[in-house]
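Scroll down for the structure; my scribbles are underneath it.
The values are calculated or read from the model by the stated rules, or taken from the named source; none is laboratory data. Not measured: the values here are computed from a predicted model. Note that each Cβ is placed from the backbone with ideal geometry, even for glycine, and that neighbours are counted across all protein chains shown. Quick note on the areas: whole protein, heavy atoms, side chains included, nothing else; ligands and nucleic acids left out. Shrake-Rupley method; radii C 1.70, N 1.55, O 1.52, S 1.80 Å.
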Amino acid sequence: MTAKKSSQAPLPQLAPDPAVPPGFSTLAVHAGEARQKVGDAITDAIFCSSTYTFPDTQAVIDFIEQQQPREEYGRYGNPGERVIEQKLAALDGGEAALLFASGMAAFVGLLMTKLNSGNEVIFFDECYHRSREFCTKHLARFGVVTRQVPACDYDAMAGAINSRTKLLVSESPTNPHLSVVDLDRFVRLGREYGVETLIDATLATPYNLRPLAAGVDYVLHSATKYLAGHNDLLAGVLVGRREPLEAVRKLRGIMGSINSPQNCYLLGRGLKTFELRMRRHNENGLAVARFLAAHPRIEKVLYPGLESHPYHEVARRTMHGFGGLVTFYVKDADWRQTAAVVDAARIPRIGPSLGGVESLIEQPMVMSYFEMSPEDRQRFGIADNMIRLSCGVENSEDLVADLGQALDAR
Ligand SMILES: *Cc1c(COP(=O)(O)O)cnc(C)c1O
């Protein structure tokens, strides 16, 4: 038996005038939630249930015949998850959202649903290395062809499209180079050739970028990052039109890549302060990027909010803010001297991931690409003297002072 019908209710009316859409933070706090809840509690209950029971046989039959939207079995959904999905759909301005156990589970779920043997997918080549690996190592086993073209090269992407192409994929901004996709051109390309489009907007978040409003078909977020925001859980979400996402939901019910009720609660709790956190991440990212750009020991800073950034114009046109991720290159440093700067930082902890309240620092060459050949690292633009800093929500003066002492220490 499969869940036949999603039990998504319309958004509660949050403002006195229905013509005036609620603000971003109002949505983050209230969207998707019932006004009066179980136990008269202000918070949503965590239903620790693997299965959901029926009062009698007729109720089972009513459910099967789609008259009763309700829960059935935990692998198909849970009440807390429905709330978070509505909240995330509202934040991205989408019809529906589908929550997964991780960002990668969301990516795999969408591509497994959409692609058949013989189909092709085209990527901009600056991307999360596990997304690339899933396509080139695993989808390839099922006869799906992956083509990679240079990031933001729309002509190269157009040139790679053929009658077998089913999906155009990019991140925006990309990781760790923070290149920003011109969404209008990306969407036009998809429409011109009748190919669907996916933007992984993890680094931007719905606060800084609105891919669905630009006409992108699917938006993906690793909710592990800014959406949850506290470095304490893994989650992923797809947002888009309800109808195509229903097919993905059915496959998720088979794969079992769903979030636990406890995790859904934590994600919902993190989302309450989403706009507040994003404002601080944006402020800190800009302050740190400006400081580093003026520092004599820095060769180069990549941050979309800096005028020196190759995609600054696109970013200014399309983004609300530029996020907390800053990539920079230490001047005249080999990889060990670069590592010394990382090690000298006292506030950011050393670790992968980004988007949490705690700042995180890493050297991509060591953290993600250490076992790759120098030629391949060069191909993916991973320099030995490159550092990626995810600015948390600490005070920017402290982050700046700490980076200053770390650069002086080397
Ligand atoms: C982290 C990340 C992912 C993967 O998300 P998980 O939640 O770790 O599975 C995908 N894309 C980008 C851009 C990411 O930063």
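With respect to the conditions (1) open to solvent by less than 30 Å² (accessible area, probe 1.4 Å); (2) at pLDDT below 95; (3) not small (Gly, Ala, Ser); (4) not in a loop (DSSP other than H, G, I, E, B), Arg388 lacks only one, and its number is (2). Looking only at segment 230-248, residues that are open to solvent by 30 Å² or more (accessible area, probe 1.4 Å) and more than 13 Å from the ligand (Cβ to nearest atom) come to 6 in all.
Any chance segment 272-288 includes a residue that's of a type in the set (Val, Ile, Thr), farther than 19 Å from Ala204 by Cβ and under 18 Å from the mean Cα position of the chain (by Cα)? Reasoning before the result, please.
Going through segment 272-288, the residues of a type in the set (Val, Ile, Thr) turn out to be 273, 288.
Checking the rest, the ones that are also farther than 19 Å from Ala204 by Cβ come to none.
Checked against the condition, which is being of a type in the set (Val, Ile, Thr), farther than 19 Å from Ala204 by Cβ and under 18 Å from the mean Cα position of the chain (by Cα), segment 272-288 yields no hits at all.
Of the listed requirements (1) out of contact with any His (no Cβ under 9 Å at 6 or more places or on another chain); (2) closer than 18 Å to Ala204 by Cβ, His295 misses just one: (2).
Whenever a residue of segment 106-122 is under 19 Å from Arg249 (Cβ atoms), its partners that are among the basic types (Lys, Arg) and surrounded by 23 or more Cβ atoms within 10 Å (Cβ to Cβ), lying with C-beta atoms within less than 7 angstrom and at least six residues away or across chains, give the pairs Gly109/Arg252.
Here Leu325 passes the criteria (1) within 16 Å of the ligand (Cβ to nearest atom); (2) under 18 Å from the mean Cα position of the chain (by Cα); (3) open to solvent by 30 Å² or more (accessible area, probe 1.4 Å) except the one numbered (3). The C-beta contact set for segment 44-61 (first residue in the same structural domain as His30 (by TED's automatic domain parsing), second residue open to solvent by 50 Å² or more (accessible area, probe 1.4 Å) and of a type in the set (Gly, Ala, Ser), distance under 7 angstrom, 6+ apart or interchain) comprises Ala45/Gly39.
You will find that of Asp398, Asp384, the residue that is farther than 20 Å from Ala294 by Cα, out of contact with any strand residue (DSSP E or B) (no Cβ under 7 Å at 6 or more places or on another chain) and charged (D, E, K, R) is Asp384 and no other.
For the subset of segment 207-229 comprising residues that are of a type in the set (Gly, Ala, Ser) and within 8 Å of the chain's Cα centre (by Cα), which member is nearest to the ligand (Cβ to nearest atom)?
Let us first name the residues in segment 207-229 that are of a type in the set (Gly, Ala, Ser), namely 213-215, 222-223, 228-229.
Filter once more, keeping what is within 8 Å of the chain's Cα centre (by Cα): 222-223.
Values: Ser222: 3, Ala223: 7 Å.
The extreme case among them is Ser222.
Checking each residue in segment 123-149 for being open to solvent by 20 Å² or more (accessible area, probe 1.4 Å), assigned to a strand (DSSP E or B) and under 23 Å from Ala204 (Cβ atoms) picks out only Gln148. Could you please give the count of residues in segment 338-372 that are more than 30 Å from Arg279 (Cβ to Cβ) and either open to solvent by less than 40 Å² (accessible area, probe 1.4 Å) or modelled with pLDDT of 95 or more (or both)? Total satisfying the criteria: 7. Tell me, please, whether a residue that is closer than 25 Å to Gly190 by Cα and among the polar types (S, T, N, Q) can be found in segment 55-67. Scanning segment 55-67 turns up no residue that is closer than 25 Å to Gly190 by Cα and among the polar types (S, T, N, Q). Within segment 295-322, if we keep just the residues that are in a helix (DSSP H, G or I) and among the aliphatic types (A, V, I, L, M), the residue that is surrounded by the most Cβ atoms within 10 Å (Cβ to Cβ) turns out to be Ala315.
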